Amino acid sequence: MKEVTLKIPDKKFGFFMELVRQLGFEVSESVEIPDEDKAIVRERIKTGKSEEMVPWKEARKQFNFKDKS
């Protein structure tokens with residue numbers, strides 16, 4: 001099996017992904033997190049107060065997830 005890496009313009013990404021799914025291709029998306037964003041998260045972890053933290057199971061209830069179908 002061959003693997004292809006493509007760079008798709010943001011405004012065309014939704015269309016492209018729907019086309020790929022309709023054609024039945026396997027999709028593997030990877031997201032690179034910039035070092036600047038990683039540094040922000042690490043700083044928040046260091047300075048965060050445990051009494052202000054919310055367990056993931058509780059926090060997840062506050063989100064509305066899109067159906068993957």
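Brief remarks follow.
- Of all residues in the range 60-69, those that are of a type outside the set (Lys, Arg) and within 30 Å of Glu3 (Cβ to Cβ) total 3.
- Residue count for the range 16-59 under the criterion of being surrounded by 10 or more Cβ atoms within 10 Å (Cβ to Cβ), of a type in the set (D, E, K, R) and either closer than 30 Å to Val4 by Cβ or at pLDDT below 90 (or both): the result is 4.
- Counting only helices (runs of 4 or more DSSP H) that sit completely within the chain, zero hold 3 or more residues that are out of contact with any helix residue (DSSP H, G or I) (no Cβ under 6 Å at 6 or more places or on another chain) and among the small types (Gly, Ala, Ser).
The values are calculated or read from the model by the stated rules, or taken from the named source; none is laboratory data. What you see is a predicted model, and the numbers here were worked out from it, not measured in a lab. Neighbour counts are summed over all protein chains in view; Cβ atoms, including those assigned to glycine, are modelled from backbone coordinates with ideal geometry.
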